[in-house]
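Student: Structure provided below as structure tokens; questions to follow.
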Amino acid sequence: MDVLDRAERYLQLHGRLIDRMRFAALFADGPRERVLDVLRCYQNADGGFGNALEPDLRGAGSQPEPVEVAFWILDELDAFDSPMVPAACDYLARVSASDGGVPFVLPSVRDTPRAPWWQTDDDPPGTLIPTASVAGLLHKHGSTHPWLATATDFCWSRIAALSETSPYEARSVVTFLDLVPDRGRAEAEFARLRDAILATVALDPDEAGEAHFPLDFAPSPLRLPLFSQEVLDVHLDALAAAQSADGGWNGNWPMWTPLVEHEWGGYVTVQRLRTLRAYGRLP
């Protein structure tokens, strides 16, 4: 069996419906609309997303981070014309902090089952996670929603204040700087922050634990010159070799309850296949 056949078998055994539909749409000529049908079930009446679309947030209520998950799925389908997008932006506008960004997580998370790292203060500020990634994707697809201008100003301000960063924040910054239309400003900030970003990257493909590898920052080719082709090739080889005996891939962060291991496994497997295809590594 080849890479795709093994992955499809893995998804049949372990994946959520949405990830099986994503695989079908992206790799088996399946209908895009079926993915959108399933994704709509994760969107709430307030326009936000919840219902464990982000598997570590188990509650039904909306949170900012699942909007990013939804937007990456819409991006892979080139479906930013969906009514789900402006509804989600309306939600983000309502939950944004006074500084213009959306918080990492809202206090309502305390009333729901969740991974232990989803913690927040009573009045959380805006953060680059997920504001920067969400704003970058909206720019990529030409959104004109009013929230985007406010979010973009927030991102520029927060990025300008950075001198060091953390892996997840750096990944959000890279997404924003790679996709925002103001290329001169983006390239200047990238040049200033490149070393700080690289300090968060695990360049050894065998590094254990919750490491963040080059392909996590560049799951498809970037406009920004963050990694050489030689570095990417080493990690693409390692990624292809990491397909498990049962055909899937999974995250390298703690799987805090048995169900999330399956849910993340399906999501990550589709992501890894997309990366291999983006770099010409699928048969």
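Student: In terms of the Cα gyration tensor, with a ≥ b ≥ c the square roots of its eigenvalues, is the stretch 1-42 rounded because a/c is under 1.5, prolate because a/b exceeds b/c, or oblate? Mind dumping the intermediate values first?
Tutor: On the way: a/c = 4.17, a/b = 1.65, b/c = 2.53.
Taking the square roots of the gyration eigenvalues as a ≥ b ≥ c, the stretch 1-42 is oblate.
Student: Then there is this: So if I take the centroid of the Cα atoms in the stretch 127-175 and the same for the stretch 1-48, what is the distance between those two points in Å?
Tutor: Here the answer is 27 Å between Cα centres.
Student: Still on this structure, I have one more. Along Cα→Cβ, 7 Å out, is where each label goes; now give me the distance between the ones at residue 97 and residue 33 in nm to one decimal.
Tutor: Between residue 97 and residue 33, the simple spin-label model gives 4.2 nm.
Student: If you average 1/r over all unlike Cα pairs in the chain and invert the result, what Kirkwood radius do you get in angstrom?
Tutor: Numbers: mean 1/r = 0.0516 Å⁻¹.
One over the average 1/r among Cα pairs gives 19.4 Å for the chain.
Student: Still on this structure, please answer the following. Would you list the membrane-span-like helices of the chain, meaning whole DSSP H runs whose alpha-carbon atoms span at least 30 Å along their axis and whose mean Kyte-Doolittle value is at least 1.6? Kindly include the intermediate steps, with their values, before the conclusion.
Tutor: Working: long enough: 258-278 (31 Å, -0.35).
Helices passing the filter in the chain: none found.
Student: Then there's this: Percent relative contact order of the stretch 176-283, based on C-alpha pairs within less than 8 angstrom and at least six residues apart?
Tutor: Details: 79 pairs, mean separation 25.1, N = 108.
Relative contact order for the stretch 176-283 comes out at 23 percent.
Student: How high is the FRET efficiency between residue 12 and residue 282 when r is their beta carbon distance and R₀ equals 22 Å, given to the nearest 0.05?
Tutor: Numbers: r = 19 Å, r/R0 = 0.85.
So the FRET efficiency works out to roughly 0.70.
Student: Pairs of Cα atoms under 8 Å, at least six residues apart: use those to get the relative contact order of the stretch 1-64, whole percent. Intermediate results must be reported in sequence, preceding the final value.
Tutor: Numbers: 56 pairs, mean separation 11.3, N = 64.
With pairs under 8 Å counted, the relative contact order is 18 percent.
Student: Please give the FRET efficiency for residue 119 paired with residue 144, using the beta carbon to beta carbon distance and R0 = 25 Å, rounded to the nearest 0.05. All intermediate terms of the calculation are to be shown ahead of the outcome.
Tutor: Numbers: r = 35 Å, r/R0 = 1.39.
The computed FRET efficiency comes out at 0.10.
Student: Can you figure out the FRET efficiency of residue 241 with residue 196, using R₀ = 35 Å and their beta-carbon distance, to the nearest 0.05? Spell out each step's value before the answer.
Tutor: On the way: r = 30 Å, r/R0 = 0.86.
Efficiency at R0 = 35 Å is approximately 0.70.
Student: Report, in deg cm²/dmol and to the nearest 500, the calculated mean residue ellipticity at 222 nm for the chain, where each DSSP H run with n ≥ 4 adds -39500 (n - 2.57) and the sum is divided by the residue count. All intermediate terms of the calculation are to be shown ahead of the outcome.
Tutor: Numbers: 12 runs with 152 residues, N = 283.
Per the formula, -17000 deg cm²/dmol.
Student: Give the Rg (one decimal place) followed by the Dmax (whole number) of the stretch 42-200, computed from C-alpha coordinates and expressed in Å.
Tutor: 15.0, 44
Student: I've got another one for you. State to the nearest 20 debye the size of the charge dipole of the stretch 59-210 about its Cα centre, where the only charges are +1 on K and R beta carbons and -1 on D and E beta carbons. Numbers along the way, then the final one.
Tutor: Numbers: 10 positive and 24 negative charges, 73 e Å.
My answer is approximately 340 debye.
Student: Going by average Cβ density within 10 Å per residue, which order do the peptides 204-213, 39-48, 240-249 take, highest to lowest? Before the final figure, lay out the partial values.
Tutor: Numbers: 204-213: 12.9, 39-48: 17.2, 240-249: 15.4.
So the order, starting with the most tightly packed, is 39-48, 240-249, 204-213.
Student: Can you pull out the trypsin sites (Lys or Arg not before Pro) in the stretch 231-283 whose DSSP state is coil and whose Cβ has at most 16 other Cβ atoms within 10 Å?
Tutor: Details: sites: 272, 274, 277, 281; in loops: 281.
Answer by residue number: 281.
Student: Under the definition of Cα pairs under 8 Å and six or more residues apart, what whole-number percent is the relative contact order of the chain?
Tutor: Working: 389 pairs, mean separation 52.3, N = 283.
Contact order relative to length: 18 percent.
No lab work stands behind these numbers, since they all come straight from the coordinates. Because the structure is predicted, anything quoted here is derived from the model rather than measured. Methodologically, a virtual Cβ is constructed for each residue, glycine included, from the backbone with ideal geometry; neighbour enumeration extends over all protein chains shown.
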